[in-house]
Amino acid sequence: MEQHTKLTKEEIKQKVDELLNNYLEMDLLRFTTAGSVDDGKSTLIGRLLYDTKAIFQDQLDAVERASRRRGEDQLNLALITDGLKAEREQGITIDVAYRYFHTPKRKFIIADTPGHVQYTRNMVTGASTANLAIILIDARNGVVEQTLRHSYIASLLQIKHIIVTINKMDLVGYDQEVFEKIKQDYQNIAQKLDVKDIRFVPISALKGDNVVEKSENMPWYDGPTLLWLLENINITSDINLNDPRFPVQYVIRPMSDEWHDYRGYAGRIASGVFHVGDQVMILPSGLTTKITSIHFADRQLDYAFAPQSVAMTVADDIDISRGNMIVPVNNVPQQSNEVEMKICWFNQRPLQPRGRYILRHTTTEMLAMVTDVDYKLDINTLEKNYDDKEIKMNDIARIKVRTAQPLFFDPYKKNRQTGAVILIDESTNETVAAGMIE
Amino acid sequence: MSEKLDNLENLGKYRLNHLRELEAEAIFVIRETAAQFDNPALLFSGGKDSIVLFHLARKAFYPAKVPFPLLHIDTGHNFQETLDFRDYLVKKHGVQLLVGSVEETIRQGKAKEDTGYYATRNAIQSITLLDMIEQHKIDAALGGARRDEEKARAKERFFSHRDIFGQWDPKNQRPELWNLFNGRKHMGEHFRVFPLSNWTELDVWLYIYLEQIELPSLYFTHRRKVFNRDGVWLAYAPFMRLKPDEKVEERDVRCRTIGDIPTTGLTLSTASTVEEIVYEIATTRTTERGMRFDDKVSETSMEDRKREGYF
C-alpha cells in the first residue's frame with residue numbers, strides 16, 4: 001500500500017489489467033495429499049503455502065505465537081494447516097480440509113485428507129475431484145502398507161497423475177541410493193495400479209529441499225522440484241471431451257411477456273462438446289431433436305464444452321425435465337437396470353445385503369437394491385476376499401446393484417461424471433457409499 | 001480492458017481458465033439448490049461475497065428471475081450505505097426481500113444484548129437467522145462464505161447439513177463426492193449452501209472487476225468519523241461506547257469486508273475504483289478476516305459460532 005500513493009490512476013489501472021490478464025491465464029489444478037502427521041504431510045502443505053507466499057502476515061503471526069506456546073524456536077509450518085478444535089487437541093486431521101494457493105502459472109486447490117485406514121472414506125472424498133495425488137513416503141521407512149493404500153485409492157478414483165514425494169531426505173543424509181531403492185519398490189507396486197503418469201521427487205519439507213526451491217543437498221537429482229511439476233503437469237486431457245453428455249439440472253421457464261414460450265434446459269456439461277444444430281437424443285424417452293441455441297446467461301454461444309454451466313433450447317416441444325440426459329444421436333451411453341460397481345462404504349451401519357438405497361447419479365435419483373457382494377478388497381494388500389461379505393465403514397468392495405429405472409451411464413474409467421454414483425440411506429438420509437460403475 | 005477478459009477460451013480451445021471454472025461450479029451449485037429444495041433463500045449481507053453470489057444466481061436462471069428471495073439479517077447497527085444498496089438492488093432486479101431484525105429478537109426477550117465496549121450483536125444474529133428460517137420454512141440458505149476465509153470454514157461442504165436446532169456438526173459431515181450433492185433431510189432440518197466455497201478473496205475481486213459488478217459505496221474511499229481501538233479503525237456511531245482514551249477523528253477510509261458498524265474494521269485507503277482496490281488487495285499482506293472484530297474473540301470463535309447456526 002505504500003507504493004500505492006506513488007502510482008497514478010492510469011498506472012494502477014495498467015498494473016491491474018496486467019494482473020488480471022496473468023490471472024486469467026491460470027488454469028485450475030485440484031490435488032489431494034494423503035498422509036499422516038508422521039509423514040510430514042502438514043509440514044509439506046505448510047511449506048508449499050509458505051514458500052508460495054500464500055500465508056498472510058496475521059496468519060503467520062498466529063502460527064508464530066502457537067509455535068512459541070509449544071516451546072518451539074522455529075516456525076512450525078505444520079501449524080499453518082491447523083483445523084478444528086478437536087484436530088488441534090489430538091494433533092490429527094479428521095476431515096477433508098481445502099486449501100488454496102496460486103503461482104503465476106496455476107491456481108491450486110489442495111484437498112488435505114487424513115491418511116490412516118479409518119479415514120479411507122475421507123481420502124476417497126478428497127480424491128473424487130482431484131486431477132493429481134501427492135503420495136508421501138518417509139525416506140526412513142520406504143514403501144509401506146499405507147503407501148499402497150493411498151496409491152490404490154488414487155487409482156480407484158481415476159486420478160490421472162501421481163507425484164511420489166520421498167520426504168525427510170535430510171534424515172537419511174540425502175542419500176541417492178535410498179531414493180532409488182524406494183523408487184524401484186514403488187514402481188513394483190505401481191504395476192498393480194491403473195495410473196500412467198507417475199513422477200518421483202526427493203524432498204525435505206522441513207528444510208525446503210526440492211519443494212519450491214531446488215535442493216543444493218542433492219546434486220545427483222536433476223529432475224524438477226515438486227512445485228515445478230504441480231505447475232507444469234499437463235491436465236488438458238483429464239476432461240473427457242469425446243463423449244458429449246448433458247444431464248438436465250433445471251428447467252428455466254421465465255413465463256414473462258418477453259420470454260413467453262421460452263424453455264431453457266440448464267445444466268453443467270458433464271463431458272464432451274455440444275454445438276448449436278447438433279442432432280440429439282433425450283434420455284430416457286429416446287426422442288430426438290435438434291439444439292437450437294446454447295447460452296451462458298445473456299450470451300449466445302455456438303458451442304459449449306465440459307465443465308461449462310449453460311442452458312440450451314431445442315427445436316421440438318417435447319417433455320424434458322431434471323434427471324434427463326441430452327446426448328448426441330450417434331454417441332449414446334450404456335443403458336441398464338443392473339450395474340456392477342466398486343464402492344467405498346462410508347457409514348457406521350454396514351451395507352445391508354438386498355437392502356434398499358437411494359442411488360444418485362448425475363442429476364437423477366432412483367431406488368436401488370444391492371443384489372450381490374462380489375468381493376471385498378483388502379486395501380493394504382489388494383487381495384480379493386470372496387468369503388467375507390460384511391461391508392463396513394471404510395471398506396472397498398465390488399457389488400451388483402439393481403435399479404428401479406434404467407441407468408444411463410458410461411464406465412467410470414471412461415467418464416468420471418457419468419460413471420459415478422452415491423448411495424443414500426432412505427431412513428437417515430446419510431450418504432453411505434460412493435460407487436464407480438464398471 | 002483487453003479482449004482476453006471477455007474470452008471464455010483464452011487458454012485454448014475447449015479450456016476454461018480457473019475463474020470461469022469457478023463460475024461454472026458456483027452456477028451449478030446454485031441451480032442444484034433451486035432443484036433440490038422447496039424453499040431456498042439467499043443470505044444477503046450487502047457485502048461483496050453475497051453481491052457476487054446474487055450476480056451468479058441471476059446468471060444461473062437467465063432469462064428468468066432469481067427464483068428465491070434475498071434474506072437479510074439486520075443487526076440494527078448497519079451502515080446506512082449497506083441498507084440503501086440492498087434496497088436499490090432488490091428494486092432493480094425485482095426480487096423479494098426478507099429482513100430479520102436482531103432488534104426485534106432482543107425486544108422479544110429471545111436474546112440478551114451484550115454490554116461494554118466490545119458489545120456486538122454478532123452472536124444474536126444466529127438466533128434471528130434461525131427464527132427467520134423457521135418462520136419462512138426456508139430449507140436451504142445460500143451463503144457467500146468461502147473456505148479460504150477461516151480455518152473452520154476450510155472444512156465446510158457445498159451442501160452443509162444443519163440439524164433441527166440449526167447446529168453444525170463438523171465432525172459428522174456428509175461426505176461430498178464429485179458433484180453429487182445430497183440435500184435430503186428430515187422435517188425441520190435445513191441446509192446451508194456455499195457456492196463460492198472454492199473462491200479466494202482475490203478471485204472475488206477480480207471477478208467483480210471482470211464482470212463490472214456494482215458495489216456499495218462503503219468499499220471505496222470516503223471521509224468518515226472513526227476511532228482507533230486496539231490498532232483497528234472503527235466507524236464512529238452514536239451507539240458506539242468510547243473508552244476514555246479513544247478519540248473520534250476524520251479519516252479517509254474504506255471497508256475491506258462489510259459487517260455491521262461494531263464489527264467492521266476500516267482500512268485507511270484512498271482507493272476509489274475497483275482497480276485500485278484490486279491493486280491494494282494484491283499488494284496487502286493481511287487477511288480480510290484479520291480486519292474483523294468478530295473473529296478476534298478467540299482462536300475458535302468462528303467454529304463456535306458456526307456450530308450454533310451462524311452464517
Descending Cα extents along the principal axes, the range A:334-437, whole Å: 34, 32, 19
Restricting the calculation to Cα positions, tell me the Rg (one decimal) and the Dmax (whole number) of chain A in Å. 24.6, 76
DSSP-defined antiparallel bridges as percent of all bridges, the protein assembly as shown, nearest 5: 70 percent
Excluding same-chain residues fewer than 8 positions from B:Lys243, which lysines have a Cα within less than 24 Å of its Cα? B:Lys112, B:Lys225, B:Lys296
Share of alpha-carbon pairs per 5 Å distance bin for the range B:128-232, given as whole %: 2, 10, 15, 17, 14, 14, 13, 8, 4, 2, 0
Among the lysines, which have Cα under 29 Å from the Cα of A:Lys181 when same-chain residues fewer than 8 positions away are ignored? A:Lys41, A:Lys160, A:Lys168, A:Lys192, A:Lys196, A:Lys207, A:Lys214, A:Lys384
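Starting from the Kirkwood radius over alpha-carbon pairs of the range A:3-237, derive D by Stokes-Einstein at 4 °C in a medium of 1.567 mPa s and give it in µm² s⁻¹.
Numbers: Rh = 18.7 Å.
The Stokes-Einstein estimate is 69 µm²/s.
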Could you give the angle, 0 to 90 degrees to the nearest 10, between helix A:9-23's Cα long axis and the longest principal axis of the Cα atoms of chain A? 80 degrees
Residue (of A:His275, A:Pro224, A:Asn210) at the positive-pole extreme of the protein assembly as shown, dipole from beta-carbon charges: A:His275
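Before rounding to the nearest 500, sum -39500 (n - 2.57) across all DSSP H runs of length at least 4 in chain B and divide by the residue total; then give [θ] at 222 nm in deg cm²/dmol. The partial results should precede the final answer.
Numbers: 8 runs with 95 residues, N = 311.
The helix-only estimate for chain B comes to -9500 deg cm²/dmol at 222 nm.
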Per-residue mean of other chain beta-carbon atoms within 10 angstrom of the beta-carbon, peptide B:127-137? 0
Per DSSP H run of n ≥ 4, the term is -39500 (n - 2.57); total these for chain A, divide by its residue number, and report the mean residue ellipticity at 222 nm rounded to 500 deg cm²/dmol. -6000 deg cm²/dmol
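Let me confirm one metric for peptide A:301-311, namely the mean number of other chain beta-carbon atoms within 10 Å of its residues' beta-carbons. Walk me through the intermediate numbers first.
Working: counts 1, 0, 2, 3, 6, 3, 7, 9, 14, 2, 8.
Mean shielding by partner chains, rounded to a whole number: 5.
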Within a 10 angstrom radius of each residue's Cβ in B:272-279, how many Cβ atoms of other chains show up on average? Whole number is fine. 5
With viscosity set to 0.890 mPa s and temperature to 25 °C, compute the Stokes-Einstein D of the range A:246-328, Rh being the Kirkwood radius across alpha carbon pairs; µm²/s, no decimals. 195 µm²/s
How big is the dipole moment of the range A:246-328 about its Cα centre under a simple scheme where the beta carbon of each Lys and Arg is +1, that of each Asp and Glu is -1, and everything else is neutral? Debye, nearest 20, please. 340 debye
For chain B, what is the convex hull volume of its Cα atoms per residue in Å³? 143 Å³
Per residue and in cubic angstrom, what volume does the convex hull of the Cα atoms of the range B:216-295 have? 92 Å³
Pairing the Cα long axis of helix A:145-156 with the longest principal axis of chain A, what angle in degrees results, from 0 to 90 and rounded to the nearest 10? 30 degrees
Degrees between helix A:41-51 axis and first principal axis of chain A (Cα, 0 to 90, nearest 10): 90 degrees
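Just tell me the longest site-free run in chain B, where the sites are trypsin sites (Lys or Arg not before Pro) in a DSSP loop having at most 16 other beta-carbon atoms within 10 Å. Please report the intermediate quantities before stating the final value.
Working: sites that count: B:Lys13, B:Lys65, B:Lys110, B:Lys112, B:Lys137, B:Arg241, B:Lys247, B:Arg285, B:Lys296.
Of all site-free stretches, the longest is B:138-240.
Can you sort A:Tyr386, A:Tyr152 from fewest to most other Cβ atoms within 10 Å of each residue's own Cβ?
A:Tyr386, A:Tyr152
Using a/c under 1.5 as the rounded threshold, could you call the range B:19-112 rounded, prolate or oblate? The axes a ≥ b ≥ c are square roots of the C-alpha gyration tensor eigenvalues, and prolate needs a/b larger than b/c, oblate otherwise.
Numbers: a/c = 2.15, a/b = 1.76, b/c = 1.22.
It comes out prolate by the Cα gyration axes.
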Quick check: the distance between the Cα centres of the range B:56-120 and the range A:380-434, to the nearest angstrom? 43 Å
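Ranking request for peptides A:305-318, A:411-424: highest mean number of other beta-carbon atoms within 10 Å first, then the rest in descending order.
Values: A:305-318: 19.7, A:411-424: 22.6.
Put in order of decreasing packing, that is A:411-424, A:305-318.
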In 20 Å bins starting at zero, report the fraction of Cα pairs in the protein assembly as shown per bin as a rounded %. 16, 50, 31, 3
Note down the magnitude of the dipole of the range A:3-237 about its Cα centre, charges +1 on Lys and Arg C-beta and -1 on Asp and Glu C-beta and zero elsewhere, to the nearest 20 debye. 480 debye
With all distinct Cα pairs included, what does the Kirkwood hydrodynamic radius of the range A:142-224 come out to in Å, to one decimal, could you say? 13.3 Å
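Taken together, the values in this text are just the output of simple stated rules run on the coordinates, not laboratory data. Note that the coordinates shown come from a computational prediction; the quantities given were computed from them, not determined experimentally. Note: ideal-geometry Cβ built from the backbone for every residue, glycine included; neighbour counts use all protein chains shown.
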